[in-house]
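Peer 1: Supplied in structure tokens, the structure appears directly below.
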Amino acid sequence: MYKTILVATDGSALSDLAVTQAVELAAVLHARLVLVTASEPFHLLSTEAEQIADTEDIYRRTMQQRADRILGAAAEKAAASGVPAVTVHVENDHPFEAIIATAERQLCDLIIMASHGRRGFSALVLGSQTTKVLTHSTIPVLVVRAEATPAERGAAA
């Protein structure tokens with residue numbers, strides 16, 4: 001079925017849940033994982049606090065350290081389950097494009113991402129990277145949502 005699975009992570013608790021589920025799925029399917037995180041490139045003119053305060057070299061070093069931490073934690077989860085994994089850190093102004101391009105380059109047959117499940121106006125305004133990947137990818141996408149409590153599941157029914 002799926003032989004190479006890409007999972008995108010930003011180190012958040014929700015994306016950690018996606019990594020955990022991707023590792024579990026890859027273990028069952030004997031698939032390999034491509035663990036990817038994206039950073040925004042340095043911009044000389046920016047409103048991002050990290051970019052205003054840093055030089056380009058400091059910014060790049062900080063983003064690489066962040067990526068190493070995020071991908072290292074994900075790679076440890078994969079290794080603990082015996083799942084082969086490669087890590088990829090990409091820079092792109094549009095993370096969804098980098099995720100899709102990495103999936104295509106790595107010949108992935110499934111992309112796994114987390115989503116907060118925003119609806120209505122907040123979804124329209126915020127526009128998640130997951131929604132953009134769903135819209136633009138020709139590779140199947142599995143979306144991991146936050147785990148609902150029993151009370152939340154009952155209210156939804």
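Peer 1: Please compute the net charge surrounding Arg69, taking Lys and Arg as +1 and Asp and Glu as -1 over other residues with Cβ under 14 Å from its Cβ.
Peer 2: On the way: positive: Arg61, Arg66, Lys77; negative: Asp10, Asp16, Asp68, Glu76.
So the environment of Arg69 carries a net charge of -1.
Peer 1: Given the peptides 15-28, 61-74, arrange them by the average over their residues of other C-beta atoms within 10 Å, most packed first. Don't skip to the end; give the middle numbers.
Peer 2: Working: 15-28: 19.5, 61-74: 16.4.
Highest mean packing first, the order is 15-28, 61-74.
Peer 1: Cβ under 14 Å from Ile139's Cβ, Ile139 left aside: what net charge do those residues give with Lys, Arg +1 and Asp, Glu -1? Show your work: numbers first, answer last.
Peer 2: On the way: positive: Lys3, Arg105, Lys132; negative: Glu97, Glu104, Asp109.
So the environment of Ile139 carries a net charge of 0.
Peer 1: Near the amide H of Lys3, under 5 Å away, which other amide H atoms are found, from residues 5 or more places off or on another chain, if H is placed in the peptide plane?
Peer 2: It is Asp109, by chain and number.
Peer 1: Taking the Cβ of Ala85 as the center, what net charge do the other residues with Cβ under 9 Å away carry, scoring Lys and Arg +1 and Asp and Glu -1? Don't skip to the end; give the middle numbers.
Peer 2: On the way: positive: Arg32, Lys77; negative: none.
Net of charged neighbours comes to +2.
Any read-out appearing in this document is the output of simple, stated calculations on the displayed coordinates, not a laboratory observation. Source: prediction; values computed, not measured. Virtual Cβ from ideal backbone geometry, glycine too; neighbours counted across all protein chains shown.
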